[in-house]
Amino acid sequence: MHLKIAILLLGTAAFARSVYDPILTSSMDPSSYANVDVIQTYDFTLTVDVSFDQQVIKGSNILTLRAIQDVSEIVLDYQGLVIESASYQIPNISTTAWNEAYFETQTDSQLGNALRVYLTDKAKRGDQVLLDIKFHTTNESLAINWLTKEQTSSGTLQYLYTKCEPIHCRGIAPLQDTPSIKTTYSAYVTVPQPYRVNMSAVCLSQDEYPQTKTTMYSFRQSIPIPSYLLALVIGNLAQKTIDYRTSVITEPDTLEEYAGILKNLGNLLNETEKYVMHPYIWGKYTILVLPPSFPVGGMENPLLTFASPTIMVKDGSQIYVATHEIAHSWSGNLVTCKDWLNLWLNEGFTTFIERRVSAIVDGEGFASVESLLGNASYYDDMAGYGQTNSYSSLYPLVNHTSPDSASSQVTYEKGQQFMEYIKNQFDKETDFQEFLGQYFNKYSYQSITFLETRLTFNDFVRAKYDSVKAEGIISRVNWVDWVQTPGPIPAGSKINFETDESRAFQKLADDYIALGGYSSPANIDIYIKEDKNVNLKVVFNNQILQRQGDMNYRILSRIDTDLSVTASENPEIGQRWFPLAIALNYDKAFDTAKHYVQSIGRQKYILPVYTALVRNGYRNKAYQWYNERKTFYHPIAAANIRKIIFSSKRQLEGYDKQIENSRDVDNLFLQ
Ligand SMILES: [Zn+2]
């Protein structure tokens, strides 16, 4: 893709220079401009004031860096910010003087901006450098979502939350925004009273200033983390302890209800810790349940997992998301992918651990059905990308494209199946768990690629078994085929996740189709009475969606009359049912579908509905539904919905994955 390059802004003391060459990204991470190969941040201090009236965060970020080579230039990432000034100090040269720094900025449409800061004094290899950048945010920041009172559940205060993964931390503050390095951080956040603040760090103090009617919250994260795990939330927040190390934070009106649904959170943490054979290092574990606009199911910010309220369904069927986020405490937060090409090391490992813990807590059948559904969605995503596209592999070549474009079920489910395949090569599951424990121990606090994983696996197998057996296992695990080859998993490796129950629900769907809507199958009670594993109902809905070509209005109508699918409150069912209802012009479901997309912000659930509207001739309706609630959605979700609404039909065949970026789409609309 062609990139537009322009100098946006020069520092007050900077010299004018024209830059027409493409901006070089980091040699360690193609999604960042930071020159972390020559100088690396190891701590930063964010000091900011938050104004809800102006919707601005203003302050400074002081980075503490270490020069790996002699260096006179520091490159940071930023997006949607105004850079006000830059100054630096090299304590080896002077411990008191802050020097104004020359800086210039460059931008492109995919990765935000590069901030180049030039040091008059050269830092020598090993020197510590302090860099102070003053800045404020704009409403272009893709990390920050400002909510009105009306968009919250308690309706008393405005609300702010951030979402940084993969490359949006640069929309909160200028920094080296790459998972290839890890830093500790401190933060001082001043807010109007009575707002409360939480971060992915330990809260040290709250100091109230009566004159300005503000409170300053101080935080410290003393465990090094990648930048995408920075998280900030401000609002009318309350906290309830669940047990000695778990708790829940949300708005006061829903606190008791959510604490009830999450009453077994401590058990999930204990079981996960036991499974991975490595201690939980983060101290406490807290889930923050966000307002409904949160665009994803969960985000594994350390000490403050963010969760969509869609996981709080009373039937408990979505609690696996909590297990997933807990598992990230090891795969992702402790051992981290070095760049976004290796994201499966976070997500594939985590999905696998999530399923194994679900199998222990809720039974093998529950976990198998999760994998069965995950397998179907991963095949759908591959169909969207194309079977030979690297995005259909565990090594998507994101290069200079926003890594958001490669976020799909492939990373999760194909990665999960690879781990399952590896596990099955061992004599017993505990041998595999031992491997996990050693792996997490060896790479704690580090960022790695799949090559380190492969090496550790080979070493472990050779130490564990005799040489004939070990070499046999190693030869059966083809990392190139599994990781780098696009398309389905290697031939002969297929794992069957079907269970007797899932087969019965698929058959029920097939029977409905066979009867053509003129009569109902005899055993519809299995659907009506199912209350232990609601995901079996999702299997049924998935099957009618997969067989969309054999469905018609009459069959759909009969299913709805028998099974009340339109009225189901489970979003996993809505995600499959509403697109099908729209495709078959089943008008009785349209009002509920509208309410569904206007009350949920989680993209997984709503993007398929918007896509179905546009594909089936309801583009105006899609725009109307979106436009009525456009301030409700998170900026990233809103941008993705706009991509769907304003894209051509041909582009929609590739879903919303490979189309122009949102700013171009906005321009298209203005024309
Ligand atoms: Zn995850």
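Here, each number is a calculation from the coordinates, and none is a lab measurement. All values reported here derive from a predicted model rather than from experimental measurement. In this analysis, Cβ positions are derived from the backbone assuming ideal geometry, glycine residues included, and neighbour counts consider all displayed protein chains.
Tabulated data for the structure shown
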{"item": "Region 336-402 - Kirkwood radius from inverse mean 1/r over Cα pairs (Å)", "result": "13.4 Å"}
{"item": "Shape category assigned to region 551-625 from the gyration tensor of Cα positions, a/c cut at 1.5", "result": "oblate"}
{"item": "15 Å beta-carbon shell around Asp500, net charge (K/R +1, D/E -1)", "result": "-1"}
{"item": "Most positive-pole-ward Cα, Ala173, Ser371, Ile526, against dipole of the chain from beta carbon charges", "result": "Ala173"}
{"item": "Calculated diffusion of region 347-503, Stokes-Einstein form, Kirkwood radius summed over Cα pairs, 10 °C and 1.306 mPa s, µm²/s", "result": "96 µm²/s"}
{"item": "Local net charge near Thr310, Cβ-Cβ under 13 Å (Lys/Arg +1, Asp/Glu -1)", "result": "0"}
{"item": "Interchain or long-range residues, amide H under 5 Å from Tyr285's placed H", "result": "Thr246, Ser247"}
{"item": "5 Å-binned pair-distance histogram of region 159-244 (Cα, whole percent)", "result": "3, 14, 20, 23, 19, 13, 7, 2, 0"}
{"item": "Cleavage-rule hits (GluC sites (Glu not before Pro)) in region 509-612: DSSP loop, at most 11 neighbouring Cβ within 10 angstrom", "result": "Glu569"}
{"item": "Tensor-based shape of region 270-387 (alpha-carbon gyration tensor, a/c under 1.5 rounded, otherwise prolate or oblate)", "result": "rounded"}
{"item": "Hydrodynamic radius of region 391-450 per Kirkwood, over alpha carbon pairs, in Å", "result": "13.6 Å"}
{"item": "Normalised per residue, the volume of the convex hull around the Cα set of region 458-601 (Å³)", "result": "185 Å³"}
{"item": "Coil-residue chymotrypsin sites (Phe, Trp or Tyr not before Pro) of region 18-73, DSSP, other Cβ within 10 Å capped at 14", "result": "Tyr20"}
{"item": "Only Lys, Arg (+1) and Asp, Glu (-1) charged, at Cβ; the chain dipole about Cα centre in debye", "result": "560 debye"}
{"item": "Tensor-based shape of region 194-266 (alpha-carbon gyration tensor, a/c under 1.5 rounded, otherwise prolate or oblate)", "result": "oblate"}
{"item": "Dipole of the chain, positive direction: furthest Cα of Gly332, Pro302, Ser153, with charges on the beta-carbon", "result": "Ser153"}
{"item": "Distance (nanometres) between label positions extended 7 Å along Cα→Cβ at Gln624 and Gln239", "result": "4.7 nm"}
{"item": "For region 216-221, 3J(HN,Hα) per residue [Karplus equation, 6.51 cos²θ - 1.76 cosθ + 1.60, θ = phi - 60°, Hz, x = Gly/Pro]", "result": "9, 9, 10, 10, 9, 10"}
{"item": "Ranked packing of 493-501, 597-605, most packed first, by mean Cβ within 10 Å", "result": "597-605, 493-501"}
{"item": "Region 83-169: GluC sites (Glu not before Pro) in DSSP coil with no more than 15 other Cβ atoms inside 10 Å", "result": "Glu140"}
{"item": "Placed amide H near Asn92: partners under 5 Å, 5+ positions off or other chain", "result": "Gln128"}
{"item": "5 angstrom amide H check on Ile39, placed H, neighbours 5+ away", "result": "Ile68"}
{"item": "Stokes-Einstein D (µm²/s) once Rh is taken as the Kirkwood radius of the chain over alpha-carbon pairs, at 37 °C in 0.692 mPa s", "result": "125 µm²/s"}
